[in-house]
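J.: My questions will all concern the structure given below.
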Amino acid sequence: MALALQQLINGLTLGAVYGLIAIGYTMVYGIIGMINFAHGDIYMVSAFIAVTGFTLLAAFGVSSVPFALVVVLIVAVLFTSVYGWAVERLAYRPLRGSTRLAPLISAIGMSIFLQNMVQLTQGARVKPIPPMLTGGIDIYETAEFTVRIAYSQMLIVLVTVGLMIAFSWLITRTSFGRQQRACEQDRTMTALLGINVDRTISLTFMLGAALAAVAGVMVTVYYGVVDFYIGFVAGIKAFTAAVLGGVGSLPGAMLGGLIIGLIEAFWSSYLSAEYKDVATFSILILVLMFRPSGLLGRPEVEKV
Amino acid sequence: MMLQLSGVHAHYGHIHALRGIDLSVQVGEVVTLIGANGAGKSTLLMSLFGQPRVSAGRITFDGEDITRLPTHIIARRDISLVPEGRRIFPRMTVMENLLMGAVLADPRNLDVDLKRMYALFPILEERLEQRAGTLSGGEQQMLAIARALMARPKLLLLDEPSLGLAPLYIKKIFQTIRELNEDHGMTILLIEQNAHHALRAAHRGYVMQHGQITMTGTGRDLLASAEVRAAYLEGGHAAA
Ligand SMILES: Nc1ncnc2c1ncn2[C@@H]1O[C@H](COP(=O)(O)OP(=O)(O)O)[C@@H](O)[C@H]1O
Ligand SMILES: [Mg+2]
């Protein structure tokens, strides 16, 4: 019981992170009808930016955690937005109107480039950060087990929920959001109304990247370490979350993230921690086989 | 001259859809373009926006060469299109569709313009929160027209606005066209299958066949022309 409660808390934290990354997959898919295969790396890159940033700030004697966090977030968001923009500009836009496979291959190319760049500059070793945001609140105690919410978990959930609310508002209530959805539904018509479709697509890539960057920084604070493989796998898990929720659906991405996070937490504590990734990938395969439109996705055929 | 096409050609792959079009519209005119299915009428309107790009020839609007401008920049020259098939945004509400039409407009005009659309098409006001894809065909057509008008265009392009509509709606749409032109001085280029209505509503008309203009004249002259009557009015269906 206590263990289950703890895993619920851990799962929600993880799920929030996956959901945040999954939004980027889903938004890009919504607007150009293709998966951005270079999106998963953004999370890893931003995690490395976080490690470097926190270490540097500590070396310069900055001891205020909120200040360090804000600085690192800004740098990570700026850097990854530019990367998101570049992916669209270099890998997708020049190949629009070509076969569907071509931009996917060029995106994977960019992704490999980025991975190698990170490995070259950061090395393949696991990197720790100076301890930040340690401690937490014990909410439930039994003789053998204490259920605890770490401060870093609270931070992750608060930031994620805040961002998701803000992002949903942006998409459903603002002029930019309407333009974004209009591009999803009929790109030519949107241009005929005077809207710069290319710019809207670029912004979508950048927004998705920015959210993933926040996720990367949060997780670095949470785990206190980052390694290349973790970053890589998290990208794929977020992709699974997007597919499970229904690629193209914003609430679907959030829901998918939560489900994947919970499954992973419970799987690793009750079954096998070594095989937790297998659980996620089995879900990916099952969803693709039996319900490719996902939980909240809309079926391909639509009455107009 | 507000709009001028000179020697315009356009292709879809190897289909040669426009073959040297010369056409002009003056400020304050209603001009209609009639012709059988597949003649290239819709292509002509879309090519004004570079969709597809013309392969030869020149298009000017208010004296400016717009032939090579990006689609959204051409739209910003105050040209609005009600395209073939309406192309409203089906998963947005009626209100959101109207707001999409007003993206370029001065936000201070928004309330006035919305009220004007409600007065023109009262049904839209009743359906503001309904998803546009669930409207009937006639309602969607009205929404497409209202969306185009929200931009306060100088030139309004209409591609078969009466297609598939009940006679009552058709009357309403032609009445709206007349009002926009007479009361608001809007310049209109109208494509119609319904040649009879269109030629009566228009100052001038062009007849199109196989991607070429084959005849032009005042609405009245074309209505009286034996050729036009045989092909487009008395139940005749010319081959494209
Ligand atoms: N998107 C398209 N791709 C390929 N061919 C097209 C396309 N749109 C129209 N055409 C072709 O171009 C010609 C003109 O079509 P269109 O402009 O739609 O004629 P109209 O509007 O007069 O019925 C036709 O032969 C049609 O098949
Ligand atoms: Mg047509």
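Each reported figure results from applying straightforward, stated rules to the coordinates on display, with no laboratory input. These numbers come from a predicted model, not from an experiment. Cβ sites come from the backbone with ideal geometry, for glycine too, and all protein chains shown count toward neighbours.
J.: Where a Cα-Cα gap under 28 Å defines reach, which lysines qualify for B:K171, not counting those fewer than 8 residues away within the same chain?
T.: Those lysines meeting the cut-off are A:K303, B:K41, B:K115, B:K154.
J.: Two decimals is fine: what's Rg over Rh for the protein assembly as shown, C-alpha atoms, Kirkwood radius as Rh?
T.: Details: Rg = 28.7 Å, Rh = 26.3 Å.
Taking Rg over the Kirkwood Rh, I get 1.09.
J.: Another one. Can you show me the helix-derived [θ] at 222 nm for chain A, built from DSSP H runs with n ≥ 4 at -39,500 (n - 2.57) apiece and divided by the number of residues, rounded to the nearest 500. Kindly include the intermediate steps, with their values, before the conclusion.
T.: Values: 11 runs with 216 residues, N = 304.
Helix contribution divided over all residues of chain A: -24500 deg cm²/dmol.
J.: Show me, bin by bin at 5 Å from 0, the whole-percent P(r) of the range A:56-180 based on Cα pairs.
T.: It works out to 2, 8, 9, 12, 14, 16, 14, 11, 7, 4, 2, 1, 0, in whole percents.
J.: Counting each pair of different Cα atoms once, what's the Kirkwood radius of the range B:27-129 in Å, rounded to one decimal?
T.: Numbers: mean 1/r = 0.0621 Å⁻¹.
In the range B:27-129 this quantity evaluates to 16.1 Å.
J.: Relative contact order of the range A:2-290: what whole-number percent is it, with Cα pairs under 8 angstrom and at least 6 residues apart? Don't skip to the answer; put the middle values down first.
T.: Numbers: 459 pairs, mean separation 115.6, N = 289.
About 40 percent, as a whole number.
J.: Next question. Can you tell me the Rg and the Dmax, both Å, for the Cα atoms in the range A:106-155?
T.: 19.1, 56
J.: Counting alpha carbon pairs within less than 8 Å and at least 6 residues apart, what relative contact order, in whole percent, applies to the range B:89-152? Mind showing how you got there, number by number?
T.: On the way: 67 pairs, mean separation 36.1, N = 64.
Taking the mean separation of contacting Cα pairs over the length of the range B:89-152, I get 56 percent.
J.: If you don't mind, there's one more thing I want to ask. Taking chain B as a Gaussian network, where each spring joins two C-alpha atoms under 10 Å apart, which residue of B:R68, B:R53, B:R152 fluctuates the most?
T.: B:R68
J.: Now, a different point. Please check which bits of the range A:224-255 a label hung off A:M289 would reach, taking the label as a point 7 Å along Cα-to-C-beta and the cut-off as backbone N under 17 Å.
T.: What the label zone holds, given the 17 Å backbone N cut-off, is A:244.
J.: Can you give the calculated 222 nm mean residue ellipticity of chain B, where each DSSP H run of n ≥ 4 adds -39,500 (n - 2.57) and the sum is split over every residue, rounded to the nearest 500 deg cm²/dmol? Numbers along the way, then the final one.
T.: Values: 9 runs with 81 residues, N = 240.
When only DSSP H runs of four or more count, the value is -9500 deg cm²/dmol.
J.: Hey, another quick one. Based on the Cα coordinates of chain B, what is the per residue volume of their convex hull in Å³?
T.: Values: hull volume 29.0 nm³, N = 240.
It is 121 Å³ per residue.
J.: About its Cα centre, what dipole magnitude does chain A give when the only charges are +1 on Lys and Arg Cβ and -1 on Asp and Glu Cβ, stated in debye to the nearest 20?
T.: Value, rounded to 20: 820 debye.
J.: In a Gaussian network model over chain B where Cα atoms closer than 10 Å are linked, find which of B:L44, B:L33, B:L120 has the largest mean-square fluctuation.
T.: Looking only at B:L44, B:L33, B:L120, the largest GNM fluctuation is found for B:L120.
J.: Also, I was wondering about something else. Could you state the per residue volume, in Å³, of the convex hull enclosing the Cα atoms of the range B:89-152?
T.: Details: hull volume 4.3 nm³, N = 64.
Convex hull volume per residue, Cα atoms: 67 Å³.
J.: Based only on other Cβ atoms within 10 Å, what is the fewest-to-most ordering of B:I88, A:I236? Display every interim value, and only then the final one.
T.: Working: B:I88 27, A:I236 14.
Fewest to most other Cβ atoms nearby, the residues stand as A:I236, B:I88.
J.: With just the Cα atoms defining each centre, how far is the range A:246-302 from the range B:65-137? Give it in Å.
T.: Value for the Cα centre distance between the two parts: 38 Å.
J.: From the alpha carbon gyration tensor of the range A:2-290, can you work out the equivalent ellipsoid semi-axes (sqrt of 5 times each eigenvalue) and give them in Å, largest to smallest? If you can, show how the numbers build up before the last one.
T.: Working: eigenvalues 199, 96, 70 Å².
So the equivalent ellipsoid measures 32, 22, 19 Å along its semi-axes.
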